[in-house]
Amino acid sequence: DAGVIQSPRHEVTEMGQEVTLRCKPISGHDYLFWYRQTMMRGLELLIYFNNNVPIDDSGMPEDRFSAKMPNASFSTLKIQPSEPRDSAVYFCASSLGQGYTDTQYFGPGTRLTVL
Amino acid sequence: DQQVKQNSPSLSVQEGRISILNCDYTNSMFDYFLWYKKYPAEGPTFLISISSIKDKNEDGRFTVFLNKSAKHLSLHIVPSQPGDSAVYFCAASAGNQFYFGTGTSLTVIP
């Protein structure tokens, strides 16, 4: 298996623009997680899905952020409009089974820079 | 509010010596703890975990210790190797809640 795939790897955009990050989880994994990494706060869980259904989005910072999982092999994280403080590395992860006690497999991340 | 804290942003250790990475948490309801390792330009990878019913879990050179009364978790690496140089994140979970710390950058000096 190729592991969790994220695209793009790097994204540079201007403030106010819409940004869409993409993730393909490992086939057969029932859980998908979106994280944001910053120096100040480390890895923050933004939202996670179970069988394509959003379970907990309490970590989504504000309404500018939205995430979808239209099918078991694809998820998107959208920021509209983007702001400079959104600059961070965004990770997608997937896991098999019951959730947090199962190993999460992370993608390589998308480094987002908002100018 | 950080529920999982790694107060040392960085640590340097000589090759062959012990590396000790520390993690503190505030929520006594956390019942599962994990350590992840992250190399530059890669996503974190799972390293080792421990359930709250245990106080120690060992896997080769890596041992995780849990002190529930102190709400403290530590990762011991013995002996440390240059390939262990990475950022280490501790994480804690309880039900649907899951939190990572801010990470500790370990450098193992050859």
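In plain terms, if you count all Cα to Cα distances in chain B and split them into 10 Å steps from zero, the share in each step is 16, 50, 29, 5, 0 percent.
Look at the stretch A:104-113: the mean tally of other chain Cβ atoms within 10 Å of its residues' Cβ atoms is 3. For chain A, the orientation-averaged shadow of the C-alpha convex hull comes to 6.6 nm² (one quarter of the hull surface). With contacts taken as Cα pairs under 8 Å and at least 6 residues apart, the range B:1-71 reaches a relative contact order of 22 percent. When the protein assembly as shown is described by a simple charge dipole with +1 on each Lys and Arg Cβ and -1 on each Asp and Glu Cβ, the residue from B:Trp35, A:Met15, A:Phe91 located farthest towards its positive end is B:Trp35. Projecting the Cα atoms of B:Gly83, A:Leu115, B:Ser93 onto the charge dipole of the protein assembly as shown, computed from C-beta unit charges around the Cα centre, puts B:Gly83 farthest toward the positive end.
Electrostatic tally near B:Leu11: other residues with Cβ closer than 12 Å to its Cβ, Lys and Arg +1, Asp and Glu -1, net 0. Taking the inverse of the mean reciprocal distance over all distinct Cα pairs, the Kirkwood hydrodynamic radius of the protein assembly as shown comes to 18.0 Å.
Projected over all directions and averaged, the alpha-carbon convex hull of the range A:1-46 occupies 4.5 nm².
Charge tally for A:Phe74 (other residues, Cβ to Cβ under 14 Å; Lys, Arg +1; Asp, Glu -1): +4.
Take the Cα radius of gyration of the range A:68-115 and divide it by 2.2 N^0.38 Å, N being the number of residues; the result is 1.39.
Suppose every Lys and Arg Cβ carries +1 and every Asp and Glu Cβ carries -1, with no other charges. What dipole size does the protein assembly as shown come out with about its Cα centre, to the nearest 20 debye?
On the way: 19 positive and 22 negative charges, 66 e Å.
Computed charge dipole of the protein assembly as shown: roughly 320 debye.
Sequence-distant contacts, meaning Cα pairs under 8 Å at least 6 residues apart, place the relative contact order of chain A at 36 percent.
With R₀ fixed at 30 Å, the C-beta to C-beta distance from B:Lys56 to B:Ser10 puts the FRET efficiency at about 0.70. Taking every DSSP beta bridge that has both ends in chain B, the antiparallel portion is near 90%.
All of the numbers you see were taken from the coordinates with simple rules; none came from a lab. In this text, all values refer to a predicted model and were calculated from it rather than measured experimentally. Heads up, the Cβs are rebuilt from the backbone with ideal geometry, glycines too, and the neighbour counts pull from every protein chain shown.
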